[in-house]
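The values are calculated or read from the model by the stated rules, or taken from the named source; none is laboratory data. If you're wondering where the values come from, they're calculated on a predicted model, not measured in any experiment. Note that we place each Cβ from the backbone using ideal geometry, even for glycine, and neighbour counts take in every protein chain shown. These area figures cover heavy atoms from the full protein model, side chains too; ligands, DNA and RNA do not enter into them. Shrake-Rupley method; radii C 1.70, N 1.55, O 1.52, S 1.80 Å.
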Amino acid sequence: MRLPIPWQLALHYERRCNGRSMEKISINLLPVEFIAEEFKRRKFYKIQAIGVTIVLFMIFLSILTLSLGVLQSSSLNAASLRVDEAEKRVSTLAPKQAQLVLLKNRLQVIEGQIGIPSKQAEMYNLTYNLLPDGFLVNRISVGGEGQVQISALTANAQNIDRIISNLLDKGKNNDRVKNVVIDSLNRGRDGIYRINLKVETK
Amino acid sequence: MKINLIKLYLNFRIFIFPAVVALSSLILIVFIIYPQIVQLIKNQKVQVDVITKSEFLEAKASVLDDLNEGELEAKVASALNSYPAEQDLLNIVGLLQQVAIKSGFSVSEISVQKIPSGTGEIFKFGVGMETVGPESLLSQFIAGIESAVRIMKVSSIDLSPVGADLADISLGIDVFFAPAPQTFGSVDSHLPELSQKDEELIARLTSVPRVSQPASLSPRGKTNPFE
């Protein structure tokens, strides 16, 4: 038989017939306000559980970060101690460091200077080797800038041409000569040419 | 009052409780969790720097420990022999005399031409030398001066022949020196490394013995010749 079920009354009935379970009938006689209150309470319990979980989680995070901070600061202290010890060790070896720095400082300059001829030496060698035979030198001077002054005698005018062309020949002068200037040239009664030359360098 | 509070809580606990939870979480985050995390990140970087520094210093100390002090002193002495920290007039006089004799020249005069000059870290003083010798060997003589272990450069040459392959020669020579550096690096500075070229140069410098200084000019003989 089917009965109408009002909203405040749940009607379930159960009949057992020959051991088989049929429909169940239960009647809730509680007042409406009570049911609503019960619903609110359950909802609050859920919220309470979530809230407590959140608080516990935050506390756990706080403890975790504080512990990590403590661990980190202790390892940082250990590393700082290592640095202090290493610094002390290096400080006691400072004289060796000073010697090494001085050695390197000197070697850098020596390397750039040793065995490298000066401009003056190069110009002297160049000029001297280009002097032709029969060109008698009275004086050769090489100045601070590498310029060469030659005072010489020769009986053969061709020697004068030869020395000037030698000095101006780029193949022979290693491209070091900028200019050759004849300061004076005269021929004596004895037929000897007296010449003063100036060789300017680049 | 108390009962009213309890009633108020019971009526609005569904709002009050979450607000309390949120507030306490916020307090924990703002005052503990966030600052600690920031500090952890900062300290992590500092820790990496500290560890790197300690490894660098330990390696540096190890390298310095391995250096033989005697050998290093000998190398520095050779380098200073070539390029000293101050004017070494006696050493220069002896060296120039040696080079002159080797090249077949005789020295008539050696003088210090001018007060030291220099720019930056390199200083030099001028030495004048009057010699007599074979004109044809002057190039060799000059090469001997400039290739000597002591750093010297010929700054001026004046040659006047006086006979067959004989000439009066006046040389101006710049002799280099440099005061020692004011600072030799700090604990944190990197050590200079000696390259293969440096070692070869050191071997070349150490192979040449230091020039013996010329005999002193003190008077000889009895203090009272009439005794």
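For B:PHE177, the residues 5 or more places off, or on other chains, whose built amide H falls under 5 Å of its own are B:PHE123, B:LYS124, B:PHE125.
For A:ALA155, the residues whose amide H sits under 5 Å from its own are A:TYR193, ignoring neighbours fewer than 5 places away on the same chain, with H placed 1.01 Å from N. Take each residue of peptide B:170-183, count the partner chain Cβ atoms within 10 Å of its Cβ, and average: the result is 2. Calculated on the Cα set of the stretch B:130-205, radius of gyration then Dmax: 19.5, 65 Å. In units of the compact-protein estimate 2.2 N^0.38 Å, chain B shows a Cα radius of gyration of 2.23. A simple charge model with +1 on the Cβ of Lys and Arg, -1 on the Cβ of Asp and Glu and nothing else charged puts the dipole of the protein assembly as shown at about 3440 debye relative to its Cα centre. Each helix, a run of at least 4 DSSP H residues, gives -39500 (n - 2.57); summed and divided by the residues of chain A, these come to -19000 deg cm²/dmol at 222 nm. In terms of its alpha-carbon gyration tensor, the stretch A:138-202 comes out oblate; a/c meets the 1.5 threshold, while b/c is at least as large as a/b. In terms of accessible area, using a 1.4 Å probe and ignoring ligands and nucleic acids, B:PHE56, B:PHE15 rank largest first as B:PHE15, B:PHE56. Of all lysines in the structure, those lying under 17 Å Cα to Cα from A:LYS40, and not within fewer than 8 positions of it along the same chain, are B:LYS7.
Per residue, the stretch B:43-178 exposes 45 Å² of accessible surface when a 1.4 Å probe is rolled over the protein heavy atoms with every protein chain present. Computing FRET efficiency as 1/(1 + (r/R0)^6) for B:ILE27 and A:GLU85, where r is the C-beta to C-beta distance and R0 is 35 Å, gives about 0.25. Looking at the square roots a ≥ b ≥ c of the eigenvalues of the Cα gyration tensor of the stretch B:74-178, which shape do they give, rounded for a/c under 1.5, prolate if a/b is larger than b/c, or oblate? Prolate is the answer for the stretch B:74-178, as a/c is 1.5 or above and a/b outweighs b/c. At q = 0.10 Å⁻¹ the log10 of I(q)/I(0) for the protein assembly as shown amounts to -0.92, computed by Debye summation with a single uniform scatterer per C-alpha, solvent ignored. In order along the stretch A:107-117, the Karplus-derived 3J(HN,Hα) couplings, from 6.51 cos²θ - 1.76 cosθ + 1.60 at θ = phi - 60°, round to 4, 4, 6, 4, 4, x, 10, 5, x, 9, x Hz, and Gly and Pro are given as x. Listed by chain and number, the lysines placed with their C-alpha closer than 23 angstrom to that of A:LYS198 are A:LYS119, A:LYS170, A:LYS172, A:LYS178, B:LYS153; residues fewer than eight positions away on the same chain are left out. The calculated P(r) of chain A, using every Cα pair and 10 Å bins from 0, goes 6, 15, 9, 7, 6, 6, 6, 6, 6, 6, 6, 5, 5, 6, 4, 2, 0 in percent. Simple spin-label estimate for B:ARG204 and A:PHE44 gives 9.8 nm between the two label positions (7 Å along the Cα-to-Cβ direction from each Cα). Restricting the calculation to alpha carbons of the stretch B:1-66 gives Rg and Dmax of 26.5, 84 angstrom.
Put a dot 7 Å past the Cα of B:SER147, heading toward its Cβ, do the same for B:LYS45, and the two dots end up 5.9 nm apart. Annotation: Cα Rg of the stretch B:35-96 relative to the compact-globule expectation 2.2 N^0.38 Å equals 2.24.
When only alpha carbons of the stretch A:114-171 are considered, Rg and Dmax amount to 12.3, 42 Å. Evaluating 6.51 cos²θ - 1.76 cosθ + 1.60 at θ = phi - 60° for every residue in the stretch B:172-184, the Karplus couplings come out as x, 10, 8, 10, 9, 8, 8, x, 5, x, 6, 10, 10 Hz, glycine and proline recorded as x.
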